[in-house]
Amino acid sequence: MKGFLKTTLAVIVGVFISSAIIFLFSAMMFGAIIAASSKSEPSKIDPNSVLVLDISKSFKEIGETDPFEKFNSSYFPSNSAIGIHDFVDVIDKAAKDDNISGIYLKGGTFGGSMPMAIEVREALEEFKSNDKFVWAYADGISEAGYYVISESDKIFLNPHGGLEFNGLSSEIMYYKKFFEKIGVEPEVFRVGKYKSAVEPFLTDKMSDANREQITSYLNNLYNHYLEGVAASRGLGLDEIRDISNNMKIRNAKDALHYKFVDELVYVDQVKEYLAEKFELESFSDVNTVGYSKYKDALDARPRRRGEGKIAILSAEGEIIYGKKESGQTAISNKDLIENINDLAEDDDVSAVVLRVNSPGGSALSSDLIWRAIEKLKEKKPVVASMSTYAASGGYYISAGCDKIIAYPNTITGSIGIFGLAFNPSELVNKKLGLQTYAVSTGKFSNFQSVLDDFSEEDRQIIQASVEEGYETFTSKVAQGRKMKVEDILKIAQGRVWTGEQAKEVGLVDELGGIDKAIEMAASLAELENDDYQIEHFPGEKDFLQEFLTNLDNSAKARVKTYMYGEYATYMDKTFKWMNSMKGVQASIPYYQEIEGFERP
């Protein structure tokens, strides 16, 4: 007994001492970070500097700063994400900065989406128009990465690298037979010929309607991609379409042969070229400045003057009901409505741009947000700026805005509603041998029990709710678009459109990016050209909160990787999606992954 107490006491003391050391170490680290931040001064940019930009970094609508990024240590891996608007603003600033002579792009993949890439390409094009150069080097180039890199004056590729150029593809997994084997019956309720979000639970093959819509918008997306690449490289559209369709570029030599790159060299040779360009002895003599340093030096956000103010409110992620968890990228009705109401009461704000990047989600939450936007419109103009996705619930919250601006390759539409539940009675009763009994006070007291079979009356009630949601959705779209309901019904049915297609059918007013939306908002608010300030809401995320969340998520990810191996991410997404399908949903298909159009 004495030995046990002695051991227990030693363990307690050890835990206490370890905790104290960790606490003191953490306090010292955060203190050093805060001190470094408070003492830092704007950096000086030398003449003839080259701005070095890594396009493989993660891009989001709202940037995430990481205080450990500057340590460049494996103990503190960086989890930062660059705000796409900040990135574009930095290029715009560099275009007008006499000290910046050129841009050097690193990385062959693009950490953002294809619509985000449009903003970057346009900024690079404007940069070059100021008699400045853009060079790019990569060991290997993805299709999305090439969309950005192709805007460069010179493209250098590793002699043993590769360039992906073989078109877009959408792959969907079907679950019907899987659920039959395990004894779980999906109960599906939907409205809309094209509402394919629940199709994988109903059948084991793709429907003709779904194949039709996917084929339509994939080809439209890729046509826009090919047109951009052809224009940047001075190649014929039919020529590069043939190269893509037959995947003629299979190695670095092929990329050079078809003039997709300019030289096959190693990175040290590119650095030598840069030194020669400035007539210097070595690359170490070249004045280079990275993204973070340049952003801190010049303050990327435009410092406009004027009485008016345009607020850019970001809405990114799946639409959920209630408050979102710490670190979760989602649109919460509680959080977003609070922001909308604050902007409505802010007399300094003249107009609002709602920046939407969402595949949809909770129909109830979408409707509540729509209502808040309707109230906001009574006080000031509201313009929707669609990013990568503004589909289903994402379109629902956009429909109430005064005007809608989308990129040509935004994925939008999908105006439809569905409900999904899982009936595990066969699994529980027959395969596991469990039996449940319920005592109820009324006929429907046990309505939608997860352990009881759905009655025909249960199904009728849920289907009626889904149809009511669809009627509400389409009528509010008709109201916002100033169209007849019968005309909306022709283009709704859950069908997915690209931004270009959506404009043709009247779901979008104009094609363009965030600048076009800002100009539209300023015009509606009757603000003079550039005589207004711009402010982004919300700001960058709190680094301490994000750091602690990332530690927790990292631990969970390691466990899942150990259990599921290379399928860990896929399994995690599947279970998370199935668990989120509560209540009536306005969402596009979860597993319709397309390169360059990853869901937020």
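Every number in this text was worked out from the coordinates using simple rules, so none of it is lab data. What you see is a predicted model; the values in this text were computed from it and never measured. Glycine gets a Cβ as well: all are built from the backbone with ideal geometry, and neighbour counts include every protein chain shown.
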To the nearest 20 debye, the stretch 396-512 has a Cα-centred charge dipole, built from +1 on Lys and Arg Cβ and -1 on Asp and Glu Cβ, of 160 debye
Asp98-Thr288 FRET efficiency (beta carbon distance; Förster radius 22 Å; 0.05 resolution): 0.85
√(5λ) per eigenvalue of the Cα gyration tensor, the stretch 308-540, largest first, Å: 39, 20, 15
Hey, rough spin-label estimate for Glu307 and Lys253, points 7 angstrom out along Cα→Cβ, what's it come to in nanometres? 6.9 nm
Length-normalised contact order for the stretch 351-491 - Cα pairs under 8 Å, 6+ apart - percent: 21 percent
Could you give the length gained on full extension between Asp238 and Glu468, defined as 0.36 nm per residue of separation minus the Cα-Cα distance, in nm? 78.1 nm
Only bridges whose two residues both fall in the stretch 308-540 count here: according to DSSP, what percent of them are antiparallel, nearest 5? 10 percent
Are any of the pairs Lys259/Lys503; Lys195/Lys334; Lys96/Lys271 more than 32 Å apart by Cα-Cα distance, and if so, which? Lys259/Lys503
Hey, fewest Cβ within 10 Å first, where do Tyr395, Tyr222 land in order? Tyr222, Tyr395
Distance in nm between pseudo-label sites at Tyr321 and Thr215 (7 Å out along the Cβ direction from Cα): 3.8 nm
Qualifying GluC sites (Glu not before Pro) in the stretch 320-370, DSSP loop, other Cβ atoms within 10 Å at most 15: Glu325
So, with +1 on the Cβ of K and R and -1 on the Cβ of D and E, and no other charges, what is the size of the charge dipole of the stretch 308-540 about its Cα centre, to the nearest 20 debye? 740 debye
Say R0 is 41 Å: what FRET efficiency, to the nearest 0.05, do Glu457 and Ser169 get from their beta-carbon distance? 0.45
Of the candidates Ala522, Ser314, Tyr470, the farthest towards the positive dipole end of the stretch 308-540 (Lys/Arg Cβ +1, Asp/Glu Cβ -1, centred on the Cα centre) is Tyr470
How much length is gained if the chain between Lys443 and Ser58 is pulled fully straight, taking 0.36 nm per residue apart and subtracting their Cα-Cα distance, in nm to one decimal? 133.3 nm
Plugging the Cβ-Cβ distance of Glu338 and Ser475 into 1/(1 + (r/R0)^6) at R0 = 30 Å yields, to the nearest 0.05, a FRET efficiency of 0.65
Too long for a 27 Å Cα-Cα cut-off, among Lys193/Lys324; Lys177/Lys430; Lys57/Lys403, are Lys193/Lys324; Lys57/Lys403
The stretch 205-265 versus the stretch 324-397: alpha-carbon centroid distance in Å: 35 Å
Nitroxide proxy distance, nm - points 7 Å out along Cα→Cβ at Asn429 and Asp347: 6.6 nm
